[in-house]
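Below is one structure, written out as structure tokens; comments come after it.
The values are calculated or read from the model by the stated rules, or taken from the named source; none is laboratory data. A quick note: this is a predicted structure, and the numbers were derived from the prediction, not measured. We place every Cβ from the backbone using ideal geometry, glycine too, and count neighbours over all the protein chains shown. The protein model used for the area step is the full one, side chains on, heavy atoms only, and it has no ligands, DNA or RNA in it. Shrake-Rupley method; radii C 1.70, N 1.55, O 1.52, S 1.80 Å.
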Amino acid sequence: MRSFVSFAIKNRYAFFIIFGVLSVLGYMLSFKLPEDIFPNVVYPRVVITVNANYEPIQKTLSNITIPMEQGIKSVEGVTDVRSRTGPGLVMLNVYFSPNTNPYRAYQMIMSKISELQMDMGVKASFDVRLMGPSAYSIAGYALVSRELPINKLSNIVRYTIKPALLSIPGVYEVDMVGGTYSTMDVVLNPSVIQKLNIPISVILNDIRSYTQNHFIGEYNQKNFSILVFGIQTPKDEQDILNIPIYYNNQTITLGDIAYVVKGHYPMLSYVNVDGYPSTVIFNIHRTNDANAIKIVTEVDKTLKTLKLPPHAHIVKWFDVTDFISSSIRSVIDAIIIGSLITLVVIALFLNNVRLSLLTAIVIPVSILCSLLFMYIMHGSLNLMSLGGLAASIGALVDHAIVVMENIEKNINKPRPKLESVIDASSEILKPMTLATLTSVSVFAPLFFLSGIIGTFFKELALAVILALLISQFVSMTITPSIAYIAIPKVVKPEPNWLLKLTNIYKKLFLGFYKRKNLSILIVVLLVLTTFGLYKSMKTGFLPEWDEGMFVLDFTGPSGASSQNTYQIVKHIEKIVASIPEVKHYSVRIGASLGQPRNPTNKGDMLITLKDHRTKSIFEVMREIRQKVDAKIHVLKEFDMAQVLRDRLGDITGQHAPFSVVIHGSDPETLVKLGEEIRDKIAKEPIFKEVNLKTLFYGPYYYISLKKDAYSNYGITYDDVVNTLKLHLWGITLTNYLKGQERIFIRAYEPFDPNEETIKDINIYSPKKQMYVPISLVANIRFEKNVPGITRRNLQNVSVVRVKMHHEDLALGIKVLKKVLNNIVMPQGYYYTIEGFYKEQQQSFKEMFIVISFSVLIVLALLIFQFGSLLQALSVIFVLSLSVVGVFLALMITNKPLDVTSFMGMLLVLSVVVNNGILIFDYYNKEIEENVSHKEAMLNACKKRFRPILMTMVADVLGFLPIALAIGRGTEVIQNMAISVMGGLFIGIFLSLLVLPIFYTTLRGIFLRLSRNL
């Protein structure tokens, strides 16, 4: 170590240049790192959406859902298959084991779907998405107008806006919601048609044949190859009306039996933004490795260059990058403020501003070099990685402080300055290197965590480990060189306040030493307090944070149309629009942010709040809930969740603190049990938003052909379907291009549901040569509500989601189990409890294992360093009791114990153990020089008092900006900061008083025992 320090000082300018270049590179490349709230990771989960138009639910289940579930469950690595089946719509969520390569998982699913498509033989579209960053939109825009029709806006988005945005590097997809196509609607006159006795099929076929494009052939003429095409395309409404209709040797024009109107393709869904009646939404998705903030900036620039028609403009109603950029900026600000606080603490302890400034150089150098290596290792800037850098600031300064402080204390010795610096640096760098390896070993087991928490904390652990290793190397090279240049041969004495504090500490130490048996009592009390506090702690999964945007899900009365549902939602719109904190809102009915198609009674709103507001998002959500509950009483379901937290739910498969999953065979029985469980849970005052997550579709008419329909009337099933479709939906016959716009020609017959029923519709009979009532040839069955079918791993289930007013999972699970224990389940039916609670239990279990492994690794390293099992055990046992401070800090601030709090415990352990290393390293040197145990321990504690107190105070105060949640987004790691501050505060007392006296007591006990043996 001495030769290396000597080499570093002699070549100091080379090291200055190297670290300067690396820091500049780190700064430049940091702007190229992807930025997000959470790690930029692709998860081993695939979402499959199958759209088979509108098929009956049971047919969809048997023809699509079950074959796909069975086929996909056999794919290697699949652990969980979840499905939801509606009329012609299937959504499957496929979860793989955590160690599965996501891209390989995607390829295996695509291969299996290709195989299944051939076996199933159904006409359906398949949308397969790998759940990475590209699966979620980063910004939402809307083209809105109060005067232009929806099809005009759709054409602008489809043919102007979308191509322009897709040309931006990093834009993966621009998906359109609420758009439609322009149509030429041929409105048939049923009275004239029936009077002329013309079959509908003849009219439709003649319209189809008029609009055609065909390749006819090719011939050579004068060395040219000439292609010949047949093109029959209408130019306007009159061309369509002039289409000839041939029947019974007669020719009439379409205009004799119909008229044409310009329209748009019918829409079951409804959208609007900020109340605009004509709205087309377009959402921006990024590629997995792109920088979301830069993409949205480029999108904004591109949109400003587009020429839009009068009366139309673009509204940005959703932008997750606002939260990303402000959160990252807030954490960076917290790091800078924390660093400045640390600098002030160093200056106070060293009594030398110039030296303190030079010591603090290690912070930016280590952080910038860490960013360089994060870029090389394909990392990203997110709250976890930045939280890791923030958490490591104390350790970064710790390295520099301890080296500088030791050099300063030894510089006055009567020998050359260079020799003093080299000897002092070499003396302290050996235990410091062990301390760094110890800290690294604390965080290394985090790489073995599974699930979403493992993904998050791997990034944090990587940032911490990189910063620690780099700062260790800086302390071995740059810090001794700075000390050699900056520290004068005669240094200033310690400040008076510190000398007085040291004397007070000496008196406390000696007084405590006389009553050293009290250390056993203190340790026992701390152990009991630790267990008592842990048992009484509120627990959670992840911290709550204010994103400034949230989703409001609603479900209206079963069977309500999108128009009727909107009449209800209008009242919610008024409530939302009346709140001053609301900036924008968007409405979707018959669709949602994550679902391409929903029943027409179901939808959502995404509400974006203003940046500068007096109320938190939680207060706004509570206000909306209170007003909706007071004024609107017809909603079947009403639920609110923040956007990013909801996306985390998508990734984990858990969307609420608790989900009661009821397993059984019969869907109707499952729904009834779900309703019973929902109603009983909802009576408990600690719960809110208790919802049965079963979608109801309907009402339905089921049409089937009577047995004698063909023999008596010559009517087939297709004849019945086409006749009804012509009245109820319209039939798309053909399309043509007008410029780049595709226009569809549709035909329909007017149908007034207020004046007639399906049974009143007439159908042409080829055998009778006349129109007859459709009731003569078709069975018509009405069904009011049909539940969608939810399945888990090939079994039918229903799911009840349960949220809490104030998240305390420990209390919530007790109340929930009490309710469920009083419910009698039919034979063959049972329930399981999932949700954040399940994820929390798994995460806590893994974190306990990680902490245990970290403790054992640290114990082994301490034994290597000290050569004493007793010293190593004393350090581990006593300093681990710093968790008392973690629990007390969380209780005082009314924060729950969650997974980020466990991360705080690891940070505390990594810091306080280093204190033990410093004390026992000096103590053992004193013992080797035959100093008595008491004097050796006193000298070690006095010698290490200033560096330990300085680093601990710097660490505690350095976390203050994050603990106070200064700025937006810092709430995500606030509990971690609070935990660290509490743990380190208690750690000062444990390191400087309890540990040395406890070891002394144990040593005396073992010595007496060894004499008696």
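Miscellaneous remarks
- Overall dimensions of segment 650-742, expressed as equivalent-ellipsoid semi-axes from the Cα gyration tensor (√(5λ), whole Å, largest first), are 45, 25, 11.
- Leu1009-Val824 pseudo-label distance in nm [points 7 Å out on the Cα-to-Cβ vector]: 5.9 nm
- Taken along the Cα-to-beta-carbon direction at a fixed 7 Å, the label points for Lys417 and His214 span 9.9 nm.
- Each DSSP beta bridge with both residues in the chain is either parallel or antiparallel, and the antiparallel ones are about 95%.
- Long pairs among Lys583/Lys725; Lys535/Lys672; Lys514/Lys925; Lys316/Lys627, criterion Cα-Cα beyond 32 Å: Lys583/Lys725; Lys535/Lys672
- Extent of segment 42-131 along its three principal axes (Cα atoms, max minus min coordinate, largest first): 38, 22, 18 Å.
- Counting only Cβ charges, +1 for Lys and Arg and -1 for Asp and Glu, the dipole size of the chain around its Cα centre is about 2840 debye.
- Spin-label pair Thr433/Leu510, simplified geometry with 7 Å Cα→Cβ offset, distance in nm: 3.8 nm
- The angle between the Cα long axis of helix 974-989 and the longest principal axis of the Cα atoms of the chain comes to about 10 degrees, rounded to the nearest 10.
- The peptide list 292-300, 518-526, put in order of mean Cβ contacts within 10 Å with the highest first, becomes 292-300, 518-526.
- Taking all protein chains together and rolling a 1.4 Å probe, Lys627 ends up with roughly 70 Å² accessible.
- Relative contact order of the chain, defined on C-alpha pairs under 8 angstrom at six or more residues apart (%): 16 percent
- Of the trypsin sites (Lys or Arg not before Pro) found in segment 1-64, those that fall in a DSSP loop while having at most 13 other beta-carbon atoms within 10 Å are Lys32.
- Ranked by the mean number of other Cβ atoms within 10 Å per residue, highest first, peptides 366-374, 826-834, 565-573, 993-1001 order as 366-374, 993-1001, 565-573, 826-834.
- Of every Cα-Cα pair in the chain, the percent that sits beyond 58 Å: 27 percent
- Helix 717-728 and the longest principal axis of the Cα set of the chain meet at an angle near 80°.
- Helix axis angle, 12-30 relative to the chain longest principal axis, alpha carbon, degrees: 20 degrees
- Gln769-Lys262 FRET efficiency (beta carbon distance; Förster radius 35 Å; 0.05 resolution): 0.50
- Rolling a 1.4 angstrom probe over the protein heavy atoms with all chains in place gives the chain an accessible area of 43 Å² per residue.
- Local net charge near Met847, Cβ-Cβ under 13 Å (Lys/Arg +1, Asp/Glu -1): -2
- Accessible surface of the chain, 1.4 Å probe, proportion on carbon and sulfur as whole %: 58 percent
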